[in-house]
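Visitor: Before I ask anything, here is the structure I am working with.
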Amino acid sequence: MEKIKIKDLTLWIILAVFLRLAAMMIAVHGDSVSVNYSPSELAYKGILDIYRYKRDSVGMIGGWRSYYPPLTYFTVGFFQFISRPLNPGFYAWIHEIYPIGIRPWLVSNGVSFAFFKHLFFMKAPYLLFDTFCLASILGYIGDPRSKIRAFKLWSVNPVILYGVYMFGQADIIPALLTVLAVLAARRHKGPWALMLLSFATLFKTYPMFLILPLLITQSRSLRDYLKGTAAIVLPFFILLPFYFSSKFAVISSLFPKIYSEDSLSVDWIFPLKIIFMVLYAFLIGVCIRSKKRADTEIPALNLTMAVLMLLYVIFFVHVHYFIWVIPFLVIAVSTGVVSPRLYYVQIVCLFIFNLNSRNTSTALFMPLDPQFFYALPGLPDLMHNISIRWGAVMLAARMCFVVICVMMATDLLGVTAFIKRLPKWIGGNGR
């Protein structure tokens, strides 16, 4: 079998490294600060229970508001801790910048070597998880030519460059664990797959929606269900010390406001929840049906992508949320499961409706020139100046994105093929 030769990909490797380093250093968003602010208490003060600390600390900015789930806190805090000798002054800097925001701070203070050093160390750990994610993608794919296509798609992927290295969000970590879970499921190691999803949930909440479908499709007997359930529950014992210490504060880290009852005051949230529950129930039904028919078994890759696409139909999708599915899309496009054209259109639509303000467009580049990019209007304003109604363009892009998500989900679950076969089943000869 033909093997991948590193020398054939040298230029792509150089390009991938250059683009990532450039995105890390020329762009910054407030999310980078938010992700790193709380873990600095672990790295520099040894605070283990940030949830109780934030709840009880009147003087701490953000006060009662919770942080991400515990594994995000410990992972980010760990990397801050080991980088302390190379990154002095970080704790004081991030505690100075967090209360006023990154944009006003840059306008007042400008950039310096220390600023770029702090920026680098906030984002540098993502390079490790990014590399492991690529290795896992290549490990999933068997055909060498498909591996090369996947390598190229990942190397210059705009979602990774923007969401991970420009925005500075940590979604690449649970995305890696989710890829490993799908790899385990493919190898019929259901309990390991489910345990990995539970660990991923302790970084970001979204993998919890993948657990039940995977439990159903990976279990063949009562024993499998029991082993799978035990594997799901085991990682959540990490929460027990926090629960005894901080009660609701740590639980709230697993349930962002859009999932919680607090959000019912927003009129449009409740109907969306109902719609999602209906779609999710339909998906569970498809999973149960596929188990009864050996010829319609749904691969873990397809199932994972379908669940995430249904999530994207209901909730507003920031670019860094799309990191959750992008490894699987790269696999699917590289192996011919998903049309490349559909993939490219979906990515373009995603960016169009996300570039909706200064914060997500022009202001990202303030490290290059704080005064200039702070004063520069956002993309919507720039479009309005040339008589383009960007709001209408964004709405059209969002609708197109939703349609593509629905098309992909139904196709991946085999619903499209099922519908096509209905006339033959009903009419006998299809007429």
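Residue-wise test of (1) surrounded by fewer than 20 Cβ atoms within 10 Å (Cβ to Cβ); (2) in contact with a strand residue (DSSP E or B) (Cβ under 8 Å, 6 or more places away or on another chain); (3) outside any loop (DSSP other than H, G, I, E, B).
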| residue | (1), (2), (3) |
| --- | --- |
| Ile298 | no, no, no |
| Leu303 | no, no, yes |
| Val317 | no, no, no |
| Pro327 | no, no, yes |
| Asn359 | yes, no, no |
| His384 | yes, no, yes |
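Visitor: What are the residues in region 161-179 that are under 20 Å from Thr229 (Cβ atoms) and in contact (Cβ under 8 Å) with a residue 40 or more places away in the chain, if any?
Guide: Narrowing region 161-179 to residues under 20 Å from Thr229 (Cβ atoms): 177-178.
Of everything in region 161-179, just one residue is under 20 Å from Thr229 (Cβ atoms) and in contact (Cβ under 8 Å) with a residue 40 or more places away in the chain, namely Thr178.
Visitor: Let me ask another. Counting only residues that are in a helix (DSSP H, G or I) and hydroxyl-bearing (Ser, Thr, Tyr), which one in region 241-262 is modelled with the lowest pLDDT? Don't jump to the end; show me each part of the working.
Guide: Taking region 241-262 first, the residues in a helix (DSSP H, G or I) are 241-246, 248-254, 257-259, 261-262.
Remaining after also requiring hydroxyl-bearing (Ser, Thr, Tyr): 243, 245-246, 252-253, 259.
On the way: Tyr243: 81, Ser245: 82, Ser246: 78, Ser252: 78, Ser253: 81, Tyr259: 49.
Residue satisfying both the conditions and the ranking: Tyr259.
Visitor: Quick check on region 35-51: of everything there that is assigned to a helix (DSSP H, G or I) and free of Cβ contacts under 8 Å to residues at least 60 places away in the same chain, which residue is surrounded by the fewest Cβ atoms within 10 Å (Cβ to Cβ)?
Guide: Quick first cut of region 35-51, residues assigned to a helix (DSSP H, G or I) only: 35-37, 39-45, 50-51.
Now narrow it down to the ones that are free of Cβ contacts under 8 Å to residues at least 60 places away in the same chain: 39-45, 50.
Details: Pro39: 25, Ser40: 22, Glu41: 23, Leu42: 20, Ala43: 21, Tyr44: 17, Lys45: 10, Ile50: 27.
Result: Lys45.
Visitor: Of the residues that make up region 10-17, is at least one modelled with pLDDT of 90 or more and buried (at least 16 other Cβ atoms within 10 Å of the Cβ)?
Guide: Checked region 10-17: at least one residue is modelled with pLDDT of 90 or more and buried (at least 16 other Cβ atoms within 10 Å of the Cβ).
Visitor: Would you confirm, using the coordinates I've provided, whether Phe121 is surrounded by fewer than 21 Cβ atoms within 10 Å (Cβ to Cβ) and either over 22 Å from the mean Cα position of the chain (by Cα) or modelled with pLDDT of 95 or more (or both)?
Guide: Numbers: surrounded by fewer than 21 Cβ atoms within 10 Å (Cβ to Cβ): yes; either over 22 Å from the mean Cα position of the chain (by Cα) or modelled with pLDDT of 95 or more (or both): yes.
Spelling it out, Phe121 is indeed surrounded by fewer than 21 Cβ atoms within 10 Å (Cβ to Cβ) and either over 22 Å from the mean Cα position of the chain (by Cα) or modelled with pLDDT of 95 or more (or both).
Visitor: Report whether or not Val393 is within 25 Å of the chain's Cα centre (by Cα), closer than 24 Å to Tyr165 by Cα, not aromatic (Phe, Trp, Tyr) and not in a loop (DSSP other than H, G, I, E, B). Reasoning before the result, please.
Guide: Numbers: within 25 Å of the chain's Cα centre (by Cα): yes; closer than 24 Å to Tyr165 by Cα: no; not aromatic (Phe, Trp, Tyr): yes; not in a loop (DSSP other than H, G, I, E, B): yes.
Criteria not met by Val393.
Visitor: Hey, another quick one. Scan Leu215, Leu272, Leu283 and give me the residue that is within 20 Å of Leu308 (Cα to Cα), modelled with pLDDT under 90 and surrounded by 18 or more Cβ atoms within 10 Å (Cβ to Cβ).
Guide: Numbers: Leu215 fails: modelled with pLDDT under 90; Leu272 fails: surrounded by 18 or more Cβ atoms within 10 Å (Cβ to Cβ).
Sole residue among the options that is within 20 Å of Leu308 (Cα to Cα), modelled with pLDDT under 90 and surrounded by 18 or more Cβ atoms within 10 Å (Cβ to Cβ): Leu283.
Visitor: Residue by residue through region 186-198, note down the ones that are in contact with a helix residue (DSSP H, G or I) (Cβ under 7 Å, 6 or more places away or on another chain) and either surrounded by fewer than 20 Cβ atoms within 10 Å (Cβ to Cβ) or under 14 Å from Phe328 (Cα atoms) (or both). Before you say what the answer is, go through the steps one by one.
Guide: Looking only at region 186-198, we keep the residues that are in contact with a helix residue (DSSP H, G or I) (Cβ under 7 Å, 6 or more places away or on another chain), and these are 186, 190-198.
Answer for region 186-198, where residues must be in contact with a helix residue (DSSP H, G or I) (Cβ under 7 Å, 6 or more places away or on another chain) and either surrounded by fewer than 20 Cβ atoms within 10 Å (Cβ to Cβ) or under 14 Å from Phe328 (Cα atoms) (or both): Arg186, Trp192.
Visitor: Can you report the number of residues in region 218-238 which are surrounded by fewer than 18 Cβ atoms within 10 Å (Cβ to Cβ) and assigned to a helix (DSSP H, G or I)? Spell out how you get there, then give the answer.
Guide: Our first condition is that a residue be surrounded by fewer than 18 Cβ atoms within 10 Å (Cβ to Cβ); within region 218-238, this holds for 220-227, 229-230, 233-234, 236-238.
Those left that are additionally assigned to a helix (DSSP H, G or I): 222-227, 229-230, 233-234, 236-238.
Qualifying residue count, region 218-238: 13.
Visitor: Continuing with the same structure: Regarding region 71-86, can at least one residue be identified that is farther than 15 Å from Glu41 by Cα, aliphatic (A, V, I, L, M) and part of a helix (DSSP H, G or I)? First the steps, then the outcome.
Guide: Residues of region 71-86 farther than 15 Å from Glu41 by Cα: 85-86.
Filter once more, keeping what is aliphatic (A, V, I, L, M): 86.
Still in the list and also part of a helix (DSSP H, G or I): 86.
Within region 71-86, one or more residues are farther than 15 Å from Glu41 by Cα, aliphatic (A, V, I, L, M) and part of a helix (DSSP H, G or I).
Visitor: Count, please, the residues in region 91-106 that happen to be surrounded by 15 or more Cβ atoms within 10 Å (Cβ to Cβ), under 21 Å from Phe365 (Cα atoms) and in contact (Cβ under 8 Å) with a residue 24 or more places away in the chain. Lay out the reasoning, then the answer.
Guide: Here is the first cut: in region 91-106, the residues surrounded by 15 or more Cβ atoms within 10 Å (Cβ to Cβ) are 91, 93-95, 97-98, 102-103, 105-106.
Filter once more, so that each one left must be under 21 Å from Phe365 (Cα atoms): 93-94, 97-98, 102-103, 105-106.
In the following step, the residues that additionally are in contact (Cβ under 8 Å) with a residue 24 or more places away in the chain were identified as 93-94, 97-98, 102-103, 106.
Count: 7.
The values are calculated or read from the model by the stated rules, or taken from the named source; none is laboratory data. Values in this document were obtained by computation on a predicted structure and should not be read as measured data. Because the Cβ atoms are built from the backbone with ideal geometry, glycine has one as well, and the counts that use them run over all protein chains shown.
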